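The values are calculated or read from the model by the stated rules, or taken from the named source; none is laboratory data. These numbers were taken from a predicted model, which means no experiment stands behind them. In this analysis, Cβ positions are derived from the backbone assuming ideal geometry, glycine residues included, and neighbour counts consider all displayed protein chains. Each accessible area value is taken on the protein alone, full model and side chains, heavy atoms only, with ligands, DNA and RNA left out. Shrake-Rupley method; radii C 1.70, N 1.55, O 1.52, S 1.80 Å.
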Amino acid sequence: YVFLLALSYFLLKQNFKHYQLISGMILGIVITMRLPMILIILPFLICRKFSFILGSLSGILLSVVISLPFGNLKVWQSYFNLMFSITNYFNQHYSSSKIVTKTVENFLYPSVIEGRDNLTQSLLFSPKNFLFACSNFSLKHIFSLFNINVSSLVLISALMIFLLLISYAIYRQFNTKTSLGQLFLVGSYIYLVSEMFDPYPRYCYSEIQWLV
């Protein structure tokens, strides 16, 4: 979906007929792959970019309709059930389990990695670097390191406050003449920050989206 996001942003920088509609449609398809990305639409909604919003809604509808012949509505029902199950799992994990930190000393490498048996010999890194590579940037995990168990309700409330504050800032600073590319980037930042409020682990590889 990162490629599709880049394509949506690229189309917003062009100037042809219905470019906003097409760009929004691509984003809509991406939203069905990862629902929190619907927050990217927020700046467009505040600045009344309705062509882009209409395209996004059309993309969501198109993606859902295309999926129906392959699994009916049970596919989406299964998806939401899985999300709730994962959320409950991590809530129980942080409330009752002791966090185990992996270090170089207690981490076991397989003897053969992708057909090579000498890769571990070239892995020259310190425990500090290893811990950084395995970091979890979700707020729930960060608080758990200080033995503070933050409930999902608190995280959701904090996320709502964040969205209200950022919406007010967008309303005051932006207007209908703000470039579409700038709105897309701000929406992307809102999405990325909001994911930190998610109870799911946010390991370093998730942050590749920041680089893109």
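Okay, here's what the table says:
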read-out	value
Protein-only accessible surface order, largest first, of 5, 61 at 1.4 Å	61, 5
Cβ-derived FRET efficiency at R0 35 Å, residue 48 paired with residue 154, nearest 0.05	0.60
For residue 9, solvent-accessible area (1.4 Å; no DNA, RNA or ligand), Å²	70 Å²
Two-site label geometry, residue 2 and residue 179: point separation in nm, points 7 Å out along Cα→Cβ	2.3 nm
Solvent accessible area, Å² - residue 73, 1.4 Å probe, full protein context	120 Å²
Amide hydrogen neighbours beyond the local backbone of residue 174, cut-off 5 Å, H modeled	none
